[in-house]
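Throughout, read-outs are computed from the coordinates displayed, never taken from laboratory work. Note that the structure is a prediction, hence the values are computed from the model and not measured. Methodologically, a virtual Cβ is constructed for each residue, glycine included, from the backbone with ideal geometry; neighbour enumeration extends over all protein chains shown.
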Amino acid sequence: MTRLAVIIGSTRPGRNGEAVAQWIHDIAAKRADAEVELVDVKDYALPLLDEFMPPAMGQYAQPHTKAWSEKIASFDAYVFVTPEYNHSMPAALKNGIDYLHHEWTNKAAGFVGYGTHGGARAVEQLRLVMGGLQVADVTSQVSLSLFADFENFSVFKPGPHHEENANSMLEQVITWGGALKAVRQ
């Protein structure tokens with residue numbers, strides 16, 4: 001069984017990420033080949049990176065880093081749910097990623113982006129970051145438009161075609177997440 005985290009990458013008040021993440025979680029939960037859990041960056045209240053040692057050393061001093069490390073290390077694969085802010089991912093998501101290193105390595109990642117252009121630029125930047133961490137990112141992704149998939153830019157109402165994209169992305173990320181277990185061992 002592949003352990004999959006659906007990571008909510010925005011901490012902004014009034015964010016749309018919770019509804020989007022719950023939607024992708026519910027689709028993933030129907031699968032028999034994965035155990036899925038919502039992980040909210042907001043719940044860890046990570047300040048700007050405040051560890052003295054580089055994350056690659058794995059020598060964490062802060063309790064919030066240790067808790068974040070334990071949670072992230074427990075998964076085989078991740079689906080990052082990210083809005084696009086100023087042509088990029090939210091700072092809170094990048095900060096959460098930067099806190100750790102080995103916890104991410106040799107795992108798989110998929111992406112659900114949302115914004116005026118479907119979160120495409122945020123996802124592209126996440127792909128670069130994942131490459132640097134040796135995370136296998138999958139080709140299929142879900143791109144949600146604030147104009148077409150949100151009523152008044154705030155009530156999530158995805159078009160029915162998005163579920164097919166979501167299932168394609170989940171198939172890839174769960175398959176890769178399971179396959180990479182052998183690499184980590």
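Only residues that are part of a loop (DSSP other than H, G, I, E, B) and surrounded by 11 or more Cβ atoms within 10 Å (Cβ to Cβ): list them for the range 158-167, please. Residues satisfying the conditions are 158, 159. From the list 134, 172, the lone residue that is more than 18 Å from residue 14 (Cα to Cα) and either touching a strand residue (DSSP E or B) at 6+ places or on another chain (Cβ under 8 Å) or buried (at least 22 other Cβ atoms within 10 Å of the Cβ) (or both) is 172.
Restricting attention to the range 107-129, the residues that are in contact (Cβ under 8 Å) with a residue 40 or more places away in the chain, not in a helix (DSSP H, G or I) and not β-branched (Val, Ile, Thr) add up to 6.
Can you say whether residue 80 is crowded, with 16+ Cβ neighbours inside 10 Å, outside any helix (DSSP H, G or I), aromatic (Phe, Trp, Tyr) and at negative phi, as far as the supplied structure shows? It is true that residue 80 is crowded, with 16+ Cβ neighbours inside 10 Å, outside any helix (DSSP H, G or I), aromatic (Phe, Trp, Tyr) and at negative phi. Take residue 139 and tell me if it is among the polar types (S, T, N, Q) and either assigned to a helix (DSSP H, G or I) or surrounded by 17 or more Cβ atoms within 10 Å (Cβ to Cβ) (or both). So residue 139 fails the test.
Residues of the range 165-185 being under 17 Å from residue 81 (Cα atoms) and more than 15 Å from the chain's Cα centre (by Cα), which ones? Residues satisfying the conditions are 165, 167, 168, 171. Listed by first and then second residue, the pairs with beta-carbon distance under 7 Å, at least 6 apart or on different chains, first residue in the range 80-99 and closer than 19 Å to residue 117 by Cβ, second in a helix (DSSP H, G or I) and small (Gly, Ala, Ser), are 81/17; 81/21; 82/122; 83/17; 83/122; 84/122; 88/122; 89/122. Restricting 18, 103 to residues that are farther than 19 Å from residue 125 by Cβ, of a type outside the set (Val, Ile, Thr) and in a helix (DSSP H, G or I) narrows the list to 18.
I'd like the full set of residues that are surrounded by 11 or more Cβ atoms within 10 Å (Cβ to Cβ) and either of a type in the set (Lys, Arg) or not in a helix (DSSP H, G or I) (or both), limited to the range 175-185.
Quick first cut of the range 175-185, residues surrounded by 11 or more Cβ atoms within 10 Å (Cβ to Cβ) only: 175-181, 183.
Selection gives 180, 181.
Applying a threshold of 6 Å to beta carbon distances and a minimum spacing of six or more residues, or different chains, the list of pairs starting in the range 35-58 at a residue that is under 30 Å from residue 1 (Cα atoms) and ending at one that is assigned to a strand (DSSP E or B) reads 35/3; 36/4; 37/5; 38/6; 39/5; 39/7; 40/8.
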